[in-house]
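Let me begin by presenting the structure, written as structure tokens, before commenting on it.
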Amino acid sequence: AQPELQEERLPHLKMADKFDASLDLLRRLDPKAVSSNLNSICSLLQLDGSDEGVELAQDLLAAVDTPLKVAKCPETNKLFLCCDYNRDGDLYRSPFSNKYAPETGDDDSPYPSPLLRQLEIKANESFDIYRDLYYEGGGYSLVYLWDTCEDVEANSIEEGFAGVVLFKKETEDHSGKWDSVHVFEVAPESATLACYKVTSAVILDLQKDGGKKPFSLSGSMTRQLETTQLLSTEGGSLEWAHLVNLGQLVEKLETNVRNLLQDVYFDKLKDIFLKDLRSLGDVSEKRAEDNRQQEVIRGLQGL
């Protein structure tokens, strides 16, 4: 029986090896081209047309963070952000009309329950205020929610739900791009407590073209947080309590990631510019390197 057991497990091991190899390859390729590289790898995985290849490609699309795309709502003509969490095949659901773009007339795509849809509308209004405050009035912010309870008749807000908060900002000269994705799951523990699991990913791309010394800084950072929060309904509803808690958690994680980028990565970049690469030399060379480091800092601050 042992050899048969090994044969049954072998296809799963091969599938896992392909998945790990794909992730390993993406880590070594240029992060600026992560979207095109990911599409190329997914195409290779699906060359044989097998179900395994399609499943691997879907898992890879869900596991790898890529810069957010922008589409237009077919009903309101408003721009909205596209990610793996509002995607159904080649279609993307708009949070404004709750319809998929481009329109196909097919009603088999997934939608949030009516109660969760109302919370989604309120969440988009709340995080749009957050975007206006923290992103200086620019960029995009969108929230998508989905049900986690298998009972379609259950109150999804009371039984638990999941969602994603998206932010995208780009400088006017396109030299700096910031994309942040906050995926969360809410699991009530009692009538007054809920557990929040949040995974935040930030994709940063800074470019300086032209001149004698152009530079490029691109990459992504992921952080996770799990905490139990009080559901305070004083002066509001359960929906309001969830929005307050989620807003505080997203604010905390975004602040932590930004501080890490500022204090760790850019300070290290300054050490490389001013010490490791050029610790001695004339004043003009030192000033040039210092100006390059300041340009990187200004690029981040402009987002």
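The values are calculated or read from the model by the stated rules, or taken from the named source; none is laboratory data. If you're wondering where the values come from, they're calculated on a predicted model, not measured in any experiment. Cβ atoms come from the backbone with ideal geometry, glycine included; neighbour counts cover every protein chain shown. Note: areas computed on protein heavy atoms with side chains; ligands, DNA, RNA excluded. Shrake-Rupley method; radii C 1.70, N 1.55, O 1.52, S 1.80 Å.
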### Query
Any idea which of (1) modelled with pLDDT of 85 or more; (2) open to solvent by less than 50 Å² (accessible area, probe 1.4 Å) is the one Met15 doesn't satisfy?
(1)
## Note on the structure
Filter the range 28-43 for residues that are surrounded by 14 or more Cβ atoms within 10 Å (Cβ to Cβ) and over 18 Å from the mean Cα position of the chain (by Cα); the one that is farthest from Leu206 (Cα to Cα) is Cys42
### Message
Exactly one of these conditions fails for Asp173: (1) at pLDDT 95 or above; (2) out of contact with any strand residue (DSSP E or B) (no Cβ under 7 Å at 6 or more places or on another chain); (3) of a type outside the set (S, T, N, Q). Give me its number.
### Response
(1)
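Between Ser109, Ser50, which is free of Cβ contacts under 8 Å to residues at least 60 places away in the same chain, touching a Phe, Trp or Tyr at 6+ places or on another chain (Cβ under 8 Å) and polar (S, T, N, Q)? Full working, then the answer.
On the way: Ser50 fails: touching a Phe, Trp or Tyr at 6+ places or on another chain (Cβ under 8 Å).
Selected residue: Ser109, the only one of Ser109, Ser50 that is free of Cβ contacts under 8 Å to residues at least 60 places away in the same chain, touching a Phe, Trp or Tyr at 6+ places or on another chain (Cβ under 8 Å) and polar (S, T, N, Q).
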#### Entry: Enumeration of residues in the range 95-140 that are hydrophobic (A, V, I, L, M, F, W, C) and open to solvent by 30 Å² or more (accessible area, probe 1.4 Å)
Phe96, Leu115, Ile121, Ile129, Leu133
### Task
Restrict the check to the range 141-163 and report whether at least one residue is within 20 Å of Thr222 (Cα to Cα) and open to solvent by 10 Å² or more (accessible area, probe 1.4 Å).
yes
### Summary
For helices (runs of 4 or more DSSP H) lying entirely in the range 30-146, having 2 or more residues that are of a type in the set (S, T, N, Q) picks out 34-45, 114-134
## Note on the structure
Over the range 69-78, the set of residues open to solvent by less than 80 Å² (accessible area, probe 1.4 Å) and in contact (Cβ under 8 Å) with a residue 24 or more places away in the chain is Val70, Ala71, Cys73, Pro74
